[in-house]
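Everything on this sheet refers to the single structure shown next.
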């Protein structure tokens, strides 16, 4: 038997006029931070470290986008995705510009008798990119001094790495921005809902199967807890609750499994229900149980 369908949260598509200036400010900040990013990429010749820097830069831009979405009350995922494009790509392009200007400054310091205009004519931006391809990267700090003088990665592969760099930064930025724009929002109170996780340990997907088939959220909010349940499995109930009213609330249900292999412990999460709409009584029941659970943890 299949699960009954629940009404679930859908972003309204609305946004505050503040969204655009916040994204513009985030883009300007990203362009400025790109100077530090390119400097670190230039100082560190090892491609593995540079990949970590790339992911960190993308995460930082994504965090700036999340801030713009949240403060701008942007519930429009399409608009958020469109604004995330320049937020990611402008700083990436700026990092190459800063790198080029840094190289020109270094050459000018080494040859103070040569005007900067002449240096720019000799070393154009396209020529600078060719030099960057030839310089390449080193994969490891090990090896002889002669082998370290030659890059392990150069030429066409450098262009491939540049494309991967742009895609990683773009992907991380858009993922984080879209995730933020999709979060539950109370249109009545004009505020974001607050997630409140509740974990009745020992339950599995089988314990909530019948309730989901009947389409009744009541048993999901207060499922029976069995003492003999598997300690490595748990049902996680997450209520996205608006603190400004007594009506808006959404429930997500996940099954979390802990896997122990030798000395490593990993956690796997399987989503069973995503942001189903709670009625006012169901919202009150969930908050009551959540408050009781928090009180028991504090008392312990």
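The values are calculated or read from the model by the stated rules, or taken from the named source; none is laboratory data. Source: prediction; values computed, not measured. A quick note on method: Cβ atoms are made from the backbone with ideal geometry, for glycine too, and the neighbour counts reach across all protein chains shown.
Looking only at residues in the range 6-50 that are in a helix (DSSP H, G or I), closer than 24 Å to residue 179 by Cα and without any contact (Cβ under 8 Å) to a residue 12 or more places away in the chain, the one that is farthest from the chain's Cα centre (by Cα) is 21. Scanning the range 30-66 for residues being within 30 Å of residue 187 (Cβ to Cβ) and crowded, with 17+ Cβ neighbours inside 10 Å gives a total of 5. Determine whether the range 164-182 contains at least one residue that is over 30 Å from residue 13 (Cα atoms) and either touching a helix residue (DSSP H, G or I) at 6+ places or on another chain (Cβ under 9 Å) or modelled with pLDDT of 90 or more (or both). Yes: one or more hits. For residues in the range 247-300 being in a loop (DSSP other than H, G, I, E, B) and under 30 Å from the mean Cα position of the chain (by Cα), which is surrounded by the most Cβ atoms within 10 Å (Cβ to Cβ)? Result: 278. Of all the criteria given as (1) at positive phi; (2) surrounded by 14 or more Cβ atoms within 10 Å (Cβ to Cβ), the one not satisfied by residue 13 is (2). Condition check for residue 75 on (1) in contact with a strand residue (DSSP E or B) (Cβ under 8 Å, 6 or more places away or on another chain); (2) buried (at least 16 other Cβ atoms within 10 Å of the Cβ); (3) within 18 Å of residue 162 (Cα to Cα): one failure, at (3). From the set of residues in the range 205-241 that are under 14 Å from residue 282 (Cβ atoms) and assigned to a loop (DSSP other than H, G, I, E, B), which is modelled with the highest pLDDT? Here the residue is 217. Surrounded by 17 or more Cβ atoms within 10 Å (Cβ to Cβ), modelled with pLDDT of 75 or more and in contact with a helix residue (DSSP H, G or I) (Cβ under 6 Å, 6 or more places away or on another chain) - does that describe any residue in the range 140-159? Looking through the range 140-159, at least one residue is surrounded by 17 or more Cβ atoms within 10 Å (Cβ to Cβ), modelled with pLDDT of 75 or more and in contact with a helix residue (DSSP H, G or I) (Cβ under 6 Å, 6 or more places away or on another chain).
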